[in-house]
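Taking it in order: structure first as C-alpha cells, then the write-up.
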Amino acid sequence: MNNIIKKYSFYTLLTVLILTVQRNYAINPNKYVINSITTGSFPIVSKGKVASILVSDNDFAGVLRVAGHLENDLYNVTNLHAKRLDNNNQETENVIIIGTLGHSAIIDQLVKDGKINAAGLTGKWEKFSTQIVENPTKNIKRALVITGSDKRGTIYGMYDLSNQIGISPWYFWADVPVKKQSELHVLPGIHTLGEPKVKYRGIFINDEAPALTGWVRENYGKFNAKFYDKVFELILRLKGNYLWPAMWNEKFYADDPQNGILADEYGIVMGTSHHEPLAKAHGEWNKAVNGEWDFNKNPEGLKKFWTDGMQRMGTKETLVTIGMRGDGDEPMTEGTAIELLEKIVKTQREIISNVTQKPADKTPQIWALYKEVQEYYDKGMQVPDDVTLLLCDDNWGNLRKLPELNAKPRQGGFGIYYHFDYVGGPRNYKWINTNQIERTWEQMHLAYEHGANKVWIVNVGDIKPVEFPIEFFLDYAWNPEYWNATNLQDYYIQWASANFGEQNANDIATILKMYTKYNSNRKPELLNASTYSLVNYKEAENVVASYNELVQKAQEINAKLSPEYKDAFYQLVLYPVLASANLNELYVTAAKNNWYASQGRSATNQYAEKVKTLFDKDAELSNYYHKTMANGKWNHMMSQTHIGYTNWQEPRTNIIPETKTITIPEKAEMGIAIEGSTQWWPYSSEVAVLPEFNAFSNSISYVDIFNRGSKSFNYTISTKSNWIKISKTKGTIDQQERIVVTINWEKAPKGIQTSEIIISGIGEKIPVKITTNNRSKEGIKGFVANDGYIVINAENFSDKSELEDFKWEVVENLGKSTAGVISLPIQKGRVALTENSPKLSYKVNFQKAGKVKVKLYFSPTINYSTREGFYYGLSFDNEKPSQINYASEPNIFDYNGKVPKFWDKNVSDNIKVITTEFDVQEGNHILNYFRIDEGLVLQKIIIETEESNLKQSYLGPPQSLNIKNNSKY
C-alpha cells in the first residue's frame with residue numbers, strides 16, 4: 001500500500017509539473033515528445049502504426065496547408081503515411097486533431113462538450129495548446145488536440161510538434177537531416193509556448209545580389225511564390241510572423257501576384273523596407289513613367305503610386321510603412337525637412353483611410369527612424385500616436401535610439417530594425433556570419449527593457465549563411481525574459497544538439513561560439529595585411545593558430561559524422577570555419593611575405609607561393625559549397641566577394657593581396673629578427689633588445705634566425721647567464737628557425753638585471769640584449785604592472801558592490817575579450833554618483849608614483865537616450881569618484897555631413913576606448929568603476945604608467961598577472 005501511495009504521488013507530481021510548465025522558446029531542452037511509452041502518453045507512432053490527422057475543412061487555408069507539412073514531417077521521421085480523415089465519424093483509435101478556436105467546427109465542438117478549456121486561448125495572440133483528450137468524440141478513442149487562438153497559433157502548434165519529433169527548421173535551408181524514429185509518444189499535460197512577448201518578429205531579405213539572386217534565378221527563375229513558399233515556411237517554423245521581402249531589384253507584389261496571396265494564406269504579415277512606403281517596392285518606381293521621386297515637384301505622381309499600392313494590398317495583413325526617403329535609399333533633402341515629411345505622412349494616411357474606408361489608425365503602420373530620419377524626430381517631427389516608431393541600429397548592431405525609461409506609452413508602441421548584414425560604410429559586410437549572439441542579446445535586451453517590443457525585424461542579407469543568429473533572434477523575440485546572461489551559453493549547445501545530435505554538441509557549440517567571436521573581432525571585409533601585428537604579442541600568429549585550432553576540431557567532428565549530416569555541417573559549421581581561417585591566414589601570410597622581402601629572407605618567395613595557394617583555396621572552398629555539397633543545391637550562395645576591399649564598396653572580384661618576390665643569392669648570409677621590433681640585424685644600427693622579462697608575467701620571447709641566401713649555414717647561441725634558457729643553442733639554417741628564450745626565475749638575480757645572448761654564424765656575432773625584472777611578490781596585491789602597463793579583463797574584479805537590487809552581470813564571450821560586464825537592472829536608469837554607488841573594484845600595483853592613463857575598453861554602444869551624456873564613474877581607493885562622459889563626442893549621425901572618424905573606427909574595431917588620467921603613488925591600489933547610466937558594456941581595462949612600453953597591436957597584450965596572496969578574494 002505504501003508503495004502504491006508513493007507511485008501515485010510521483011505521477012501526480014509529474015502531471016502537475018507538466019501542466020504548469022510553459023516553454024517559451026523554440027530551441028528547447030524540455031521535450032514533450034519522447035521515444036518510449038509512459039503512463040498516460042499519446043502514441044504518435046508506435047508498433048508500426050501512426051496516428052491519423054483530422055482538420056476541419058472550414059479552418060484557415062494556411063492551417064490546412066501546414067497540416068500537410070505535418071503529414072510530410074511525420075512520414076520523413078517514421079516512413080509511415082498519416083491518414084488524413086475527412087470527418088470525425090470514422091471510428092479511429094488515435095487521432096491528431098488540429099484546429100483554430102472559432103474557425104474549426106471540430107475544435108468548437110470540443111470546447112462546447114467541455115473536452116478542452118478555451119479560457120487560456122480566447123483572445124490570445126498566436127498562442128496554441130497541445131494536449132491529450134480521452135474520447136473526444138464517440139468514434140475517436142483518444143486524440144492529441146492542437147488548438148490555436150488564431151491562425152498563426154494553430155500553425156505554430158503544428159510546427160512545434162514537428163520540431164519535437166525531430167524536424168529542424170533548417171531541414172530545407174541547411175539540409176539538416178531527419179533522424180528516423182519508430183516510437184514517438186507525447187507526454188500528458190498542456191504544452192504551450194504561451195504568447196510571444198514581441199508582437200511582430202521578422203526578417204528582411206536584403207543586399208541579395210549576387211548570392212541569393214543567383215541562386216533564385218537558377219532554381220526559380222525569379223523571386224516568385226515557389227521561392228517565397230520556402231521563406232514563409234522557414235519564418236513560421238522559427239516562430240516568426242513578419243517579412244520585408246527582397247528589394248534590390250525585386251518587386252514582391254509585381255513580380256508574382258501569387259506572392260501576396262500566399263503570404264496571406266500562411267499568415268505572414270508583410271511589410272516593406274524603411275524607404276518603401278505604402279506597400280510599394282521602390283523597384284516599381286519608373287522615373288520615365290512616374291516622374292521625379294520628389295513630393296515637392298511630383299505630389300500627384302507619388303499619390304497615385306501609393307494609392308495603387310494600398311489598393312493592391314487589399315485586406316492582406318500588413319504593417320504599412322509610411323514616411324519617405326530619397327530616391328535610392330538616400331536622404332530626401334539637404335537639411336532637416338520636418339514640415340515636408342509631416343505633410344507627406346499626412347497625405348499617406350489620407351490615402352490609407354480613403355482606400356480602406358476606415359480611419360487611418362485602424363491600419364497598422366510603422367515609421368522607421370532610419371539614418372537622417374531620426375534627426376527629424378529628434379528635432380521635433382510629429383508622429384501620429386498610433387504609428388509604431390521603428391527605431392534602428394547604426395547598421396553595425398549598436399542601437400541608436402531607445403524609448404526613454406519613463407516615456408509616455410504610445411498607442412503604436414516602438415520597434416527595432418537590426419542588422420546582421422549591411423551594404424555601406426565603413427565597409428560592406430555580407431559574406432559570412434560575423435554576429436555574436438551575446439551582443440545581439442545585450443542590445444535587444446536593452447531594447448526590450450526600454451519598451452521597444454512591438455516589432456523586431458533583422459536584416460539577414462541572403463538568409464544563408466546567418467542561419468544561427470537568425471534563429472536566436474527570433475527565439476529571443478518570442479520571450480526576451482527567458483534568455484539571460486546566466487543561460488545564454490546554453491543556446492549554443494541546444495542549437496548544436498537540435499541540428500546534429502547530442503554526441504558532438506559541446507564541441508560544435510564551442511566552434512560556433514569562437515568562430516563568430518573571432519569574425520566579430522574584425523569583420524573579414526575590414527581585414528588587410530596590416531591588421532594584426534607580426535612582431536608584438538605574437539598577435540598575427542596567435543590569430544591564425546586560434547582559427548586553425550577550430551579548423552582541426554571541426555574537421556575531426558566532420559570525420560566522425562554520419563554521411564547524412566555532412567552537408568548540413570559543411571554549410572553551418574565547417575565552411576564558415578575553414579573559409580574564415582583561410583582568409584585570416586591569407587592576409588597574415590601576405591604580411592609576412594612583404595616583411596620578409598624587406599629583410600631579404602630566403603623564405604620570401606615561398607610565402608608568395610603560399611599566398612597564391614591560400615587565395616586559390618578560398619575559391620575551392622566556395623566551389624565545393626556550390627558544386628559538390630548537397631549535390632550543387634546551393635550554387636551561387638557563397639559568390640559574394642570578400643577579398644581585396646579598399647573602400648566601403650565591395651570589389652568586383654576577389655583580389656589577391658599584393659606579394660613580392662626577390663632574387664636570392666647562392667651565398668648564405670645570416671640575419672636575425674626579434675619579438676617586438678620591425679628591425680633586423682646585423683642590418684640595423686640599433687641594439688637588439690628583447691621585450692622585458694618580468695617574473696610576474698612568466699614571460700617568453702623569441703628570436704628568428706633566417707637565411708638571406710640559398711646555401712645553409714650553421715649557428716651557435718651562447719650566454720654567460722645560467723638563468724637564461726634557450727630552446728636550442730646550435731643548429732643548421734636552411735631558411736629560418738625560431739629560437740624560444742625563457743628565464744629560470746629561481747636562478748635569476750633579484751631586481752632589474754641586464755644580460756645578453758650572442759648568436760654566431762658564418763662570420764657574424766649578433767648580441768641580443770635581455771632585461772629581467774625579478775621583483776619580490778611580498779606585499780603586492782592585485783594586477784601588477786609589466787613593461788609599464790596593466791591589462792585586466794573586466795570580469796576579473798576583486799570585489800563588487802551591489803546595493804539594493806542592483807547586480808553586476810558577467811556576460812561570457814561578449815566582445816573581444818573573454819567576457820563583458822553590464823549593470824542590471826536596466827530599468828533603474830541613471831544612478832547618482834556617490835562613493836556608495838554600485839561599483840566594481842580591481843586591485844592593482846604600481847612600481848612607481850606618477851601619472852597613469854586608465855583606458856576602459858567598451859562595446860561600441862551608442863548613447864541611445866535624449867538625456868545629456870552617457871556616464872560612468874572612476875576612482876582610485878577612497879577618493880571621490882570622477883564622473884566620466886562616455887558619449888562626449890558630437891552627434892555621430894549627422895548624415896548631411898561626413899560620419900566622424902571615431903564612429904568609423906569604433907565599429908571597425910568593434911570597441912570604444914575612453915582614457916582618463918590620474919596621479920597615483922607607488923604600491924597597492926584599488927581602481928573603482930561605478931555605474932551611473934545603464935547600458936555600458938565594459939570589456940577590458942588597460943592602465944599605462946609613464947614608463948609604459950605598450951606596443952602597437954589590434955587585440956592588445958594578454959592579461960597581466962594577478963597576485964591574490966594576502967588579499968580578500
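The values are calculated or read from the model by the stated rules, or taken from the named source; none is laboratory data. Please read all numbers here as calculations on a predicted model, not as lab measurements. Here the Cβ positions follow ideal geometry from the backbone for every residue, glycine too, while neighbour counts run over all protein chains shown.
Points worth noting:
- Taking the listed residues Lys816, Lys800, the one that is of a type in the set (Lys, Arg) and buried (at least 21 other Cβ atoms within 10 Å of the Cβ) is Lys816, with no other qualifying.
- Subset of region 608-620 [closer than 17 Å to Leu574 by Cα and buried (at least 19 other Cβ atoms within 10 Å of the Cβ)]: Leu614, Asp618
- Any chance Lys843 is assigned to a loop (DSSP other than H, G, I, E, B), buried (at least 17 other Cβ atoms within 10 Å of the Cβ) and of a type in the set (Lys, Arg): no
- Search result, residues across region 871-887 that are of a type in the set (A, V, I, L, M) and either at positive phi or part of a loop (DSSP other than H, G, I, E, B) (or both): Ala887
- Region 348-363: number of residues that are surrounded by 16 or more Cβ atoms within 10 Å (Cβ to Cβ) and either touching a strand residue (DSSP E or B) at 6+ places or on another chain (Cβ under 7 Å) or free of Cβ contacts under 8 Å to residues at least 24 places away in the same chain (or both): 3
- Applying the criterion of at least 1 residues that are touching a residue at least 12 places away in the same chain (Cβ under 8 Å) and among the polar types (S, T, N, Q) to the helices (runs of 4 or more DSSP H) found wholly in region 226-321 leaves 258-266, 287-290, 299-313.
- Filter result for Ile470 (surrounded by 24 or more Cβ atoms within 10 Å (Cβ to Cβ), closer than 30 Å to Arg830 by Cα and in the same structural domain as Arg237 (by TED's automatic domain parsing)): no
- Check on Ala545, without any contact (Cβ under 8 Å) to a residue 12 or more places away in the chain and among the small types (Gly, Ala, Ser): yes
- Scan of region 175-202 for residues that are among the aliphatic types (A, V, I, L, M), crowded, with 23+ Cβ neighbours inside 10 Å and over 18 Å from Asn72 (Cα atoms), ordered by number: Val186, Leu193, Val198
Yes/no per residue for (1) free of Cβ contacts under 8 Å to residues at least 12 places away in the same chain; (2) over 30 Å from Ala597 (Cβ atoms); (3) more than 13 Å from the chain's Cα centre (by Cα); (4) assigned to a helix (DSSP H, G or I):
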{"site": "Thr440", "(1), (2), (3), (4)": "no, yes, no, yes"}
{"site": "Tyr476", "(1), (2), (3), (4)": "no, yes, no, yes"}
{"site": "Tyr491", "(1), (2), (3), (4)": "no, yes, no, yes"}
{"site": "Asn506", "(1), (2), (3), (4)": "no, yes, yes, yes"}
{"site": "Leu512", "(1), (2), (3), (4)": "no, yes, no, yes"}
{"site": "Thr516", "(1), (2), (3), (4)": "no, yes, no, yes"}
{"site": "Ser533", "(1), (2), (3), (4)": "no, no, yes, no"}
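- Ile656 vs. criteria at pLDDT 95 or above, outside the structural domain of Ser530 (by TED's automatic domain parsing), of a type in the set (Val, Ile, Thr) and farther than 24 Å from Leu583 by Cα: no
- Scanning region 676-702 for residues that are touching a residue at least 60 places away in the same chain (Cβ under 8 Å) and of a type in the set (S, T, N, Q) gives Ser677, Thr678, Asn694, Ser697, Asn698, Ser699.
- Ile717 vs. criteria hydrophobic (A, V, I, L, M, F, W, C), outside the structural domain of Val920 (by TED's automatic domain parsing), buried (at least 20 other Cβ atoms within 10 Å of the Cβ) and touching a residue at least 24 places away in the same chain (Cβ under 8 Å): yes
- Condition met for Asp294 (more than 34 Å from the chain's Cα centre (by Cα), among the acidic types (Asp, Glu) and under 21 Å from Met247 (Cβ atoms)): yes
- Single match in Leu572, Leu578, Leu621, Leu550 (criterion: in a helix (DSSP H, G or I) and either at pLDDT below 95 or in contact with an Asp or Glu (Cβ under 9 Å, 6 or more places away or on another chain) (or both)): Leu572
- Boolean, Gly148 is free of Cβ contacts under 8 Å to residues at least 60 places away in the same chain and either touching a Ser or Thr at 6+ places or on another chain (Cβ under 7 Å) or under 26 Å from Asn89 (Cβ atoms) (or both): no
- Those strands (runs of 3 or more DSSP E) lying entirely in region 723-815 with at least 3 residues within 44 Å of the chain's Cα centre (by Cα) and within 30 Å of Asp490 (Cβ to Cβ): 789-793, 799-801, 807-812
- For region 71-100, filtering for residues that are buried (at least 17 other Cβ atoms within 10 Å of the Cβ) and closer than 19 Å to Glu134 by Cα leaves 9.
- For Phe918: the one exception among (1) modelled with pLDDT of 95 or more; (2) among the hydrophobic types (A, V, I, L, M, F, W, C); (3) within 23 Å of the chain's Cα centre (by Cα): (3)
- So Asp507, is it of a type in the set (Asp, Glu) and buried (at least 24 other Cβ atoms within 10 Å of the Cβ): no
- Screening Ile662 against (1) in contact with a strand residue (DSSP E or B) (Cβ under 8 Å, 6 or more places away or on another chain); (2) in a loop (DSSP other than H, G, I, E, B) leaves a single unmet condition, (1).
- Considering residues of region 931-958 that are of a type in the set (S, T, N, Q) and surrounded by fewer than 19 Cβ atoms within 10 Å (Cβ to Cβ) only, the residue nearest to the chain's Cα centre (by Cα): Ser953
- Restricting region 532-570 to residues that are farther than 14 Å from Thr510 by Cβ and of a type in the set (Asp, Glu), the residue that is surrounded by the fewest Cβ atoms within 10 Å (Cβ to Cβ): Glu564
- One residue from Glu372, Glu404 being touching a Pro at 6+ places or on another chain (Cβ under 6 Å), charged (D, E, K, R) and either under 30 Å from Ser859 (Cβ atoms) or in contact (Cβ under 8 Å) with a residue 40 or more places away in the chain (or both): Glu372
- Condition met for Glu218 (more than 22 Å from the chain's Cα centre (by Cα) and either within 20 Å of Met313 (Cβ to Cβ) or part of a helix (DSSP H, G or I) (or both)): yes
- Out of Lys304, Lys251, Lys280, sole residue that is modelled with pLDDT of 95 or more, among the basic types (Lys, Arg) and closer than 20 Å to Arg217 by Cβ: Lys251
- Unmet requirement for Leu262, which otherwise passes all of (1) modelled with pLDDT of 95 or more; (2) of a type in the set (A, V, I, L, M); (3) closer than 20 Å to Trp367 by Cβ: (3)
- Qualifying residue in region 390-397 (condition: more than 22 Å from Gln827 (Cα to Cα), in contact (Cβ under 8 Å) with a residue 60 or more places away in the chain and among the aromatic types (Phe, Trp, Tyr)): yes
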